[in-house]
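A short worksheet on the structure shown next.
The values are calculated or read from the model by the stated rules, or taken from the named source; none is laboratory data. Treat the numbers as computed from the prediction; the structure is a model and nothing was measured. Cβ sites come from the backbone with ideal geometry, for glycine too, and all protein chains shown count toward neighbours.
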Amino acid sequence: MFQDKVVVVTGGAQGIGKCICEEFKKQGAKVCVIDIQQNPYFVGDLSQKEDLEAFARKVIGDFGHIDHLINNAAPLFRGIDECSYEDFEYAQRVGVTAPFYLAKLFKEHFAPGASIINISSSRDRMSQPQSESYTAAKGGIASLTHSLAVSFAGKVRVNSISPGWIDNDYTVYEGPDAAQQPAGRVGNPLDIANMVLFLCSEKAGFITGENICIDGGQTRLMIYHNDCGWTYEG
């Protein structure tokens, strides 16, 4: 299905991004990674305009076009008590500005049937205390998704995925950690990678501008004080 397709993955050196890369490679895709960590294709800082431009030039120079852009890189996670102005700005540059600018840089080079997948988070709709920099960036990329989908109408489909609790080590949790989720378990990177490949496929040809939450149903579980053993001690 993806034989010889050119797939760009940001933050592809570990975790969900690495899994996405592996799944595309299994199907014969040519995968181009940009990550601040070591990787075989391009080491660069997504917060830096010059690195984004150099990366885009390399991809187009190597392949001449792009089929799928996966904006996966995670922004900085800091809360209002410890997050400085510079920290917050950095998180937005990685989490929102970089996805926007890469879409702009590749705008004239998307092949027919191309797609963009933005990795948001279930934190785009709910929060824990002290999570402002990360949550703001994830909310931003979720909104950027439907805006790009409208601007790219007829040329590129644009969708986003909002993962819930995903354990990058594929740990199998039991007890309350698993039971609190309607699906009965904690997620793993393959749960997200499978959806990425589906949304990039022709099977998803009528889906654009959409956000799909993959969280085991956790954001659908209503919780009240003294309900199902939950108590509020705030």
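Does F2 fit the bill of being under 23 Å from E202 (Cβ atoms), among the hydrophobic types (A, V, I, L, M, F, W, C) and assigned to a loop (DSSP other than H, G, I, E, B)?
yes
Go through the range 16-52 and report how many residues are without any contact (Cβ under 8 Å) to a residue 40 or more places away in the chain, under 19 Å from L102 (Cα atoms) and among the charged types (D, E, K, R).
Qualifying residue count, the range 16-52: 5.
Select from the range 177-212 the residues that are crowded, with 20+ Cβ neighbours inside 10 Å and under 21 Å from S147 (Cα atoms) and list them in ascending order.
V196, L199, C200, T208
Under 6 Å between Cβ atoms, at least 6 apart or on separate chains: pull out the pairs that start in the range 194-213 with a residue that is within 12 Å of I116 (Cα to Cα) and end on any residue that is outside any strand (DSSP E or B) and of a type in the set (V, I, T).
So the pair list comes out as V196/I20.
Note down all Cβ pairs under 8 Å where the first residue falls in the range 120-133 and is in contact (Cβ under 8 Å) with a residue 12 or more places away in the chain, the second is part of a helix (DSSP H, G or I) and of a type in the set (D, E), and they're at least six residues apart or on different chains.
From residues that are in contact (Cβ under 8 Å) with a residue 12 or more places away in the chain, the pairs are S133/D87.
Conditions tested, residue by residue: (1) part of a loop (DSSP other than H, G, I, E, B); (2) charged (D, E, K, R); (3) touching a Leu at 6+ places or on another chain (Cβ under 6 Å).
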{"site": "N194", "(1), (2), (3)": "no, no, no"}
{"site": "L199", "(1), (2), (3)": "no, no, no"}
{"site": "G209", "(1), (2), (3)": "yes, no, no"}
{"site": "I212", "(1), (2), (3)": "no, no, no"}
{"site": "I223", "(1), (2), (3)": "yes, no, no"}
{"site": "D227", "(1), (2), (3)": "yes, yes, no"}
{"site": "T231", "(1), (2), (3)": "yes, no, no"}
{"site": "G234", "(1), (2), (3)": "yes, no, no"}
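From the list A98, A73, which one is among the small types (G, A, S), surrounded by 20 or more Cβ atoms within 10 Å (Cβ to Cβ) and either in contact with a Cys (Cβ under 9 Å, 6 or more places away or on another chain) or part of a loop (DSSP other than H, G, I, E, B) (or both)? Break it down into steps so the answer makes sense when it comes.
Numbers: A98 fails: either in contact with a Cys (Cβ under 9 Å, 6 or more places away or on another chain) or part of a loop (DSSP other than H, G, I, E, B) (or both).
Exactly one residue qualifies, and that residue is A73.
Collect the residues in the range 123-151 that are hydroxyl-bearing (S, T, Y), over 25 Å from V59 (Cα atoms) and surrounded by fewer than 19 Cβ atoms within 10 Å (Cβ to Cβ), keeping them in residue-number order.
Matches in the range 123-151: S127, S131, S143.
Could you tell me which of the residues S151, S147, S143, S160 is under 19 Å from E202 (Cα atoms) and either free of Cβ contacts under 8 Å to residues at least 12 places away in the same chain or under 16 Å from the mean Cα position of the chain (by Cα) (or both)?
It is S160.
Test of understanding: among G61, G154, G79, G113, which residue is out of contact with any Leu (no Cβ under 9 Å at 6 or more places or on another chain), modelled with pLDDT of 95 or more, outside any helix (DSSP H, G or I) and loosely packed, with under 15 Cβ neighbours inside 10 Å?
Exactly one of G61, G154, G79, G113 is out of contact with any Leu (no Cβ under 9 Å at 6 or more places or on another chain), modelled with pLDDT of 95 or more, outside any helix (DSSP H, G or I) and loosely packed, with under 15 Cβ neighbours inside 10 Å, namely G154.
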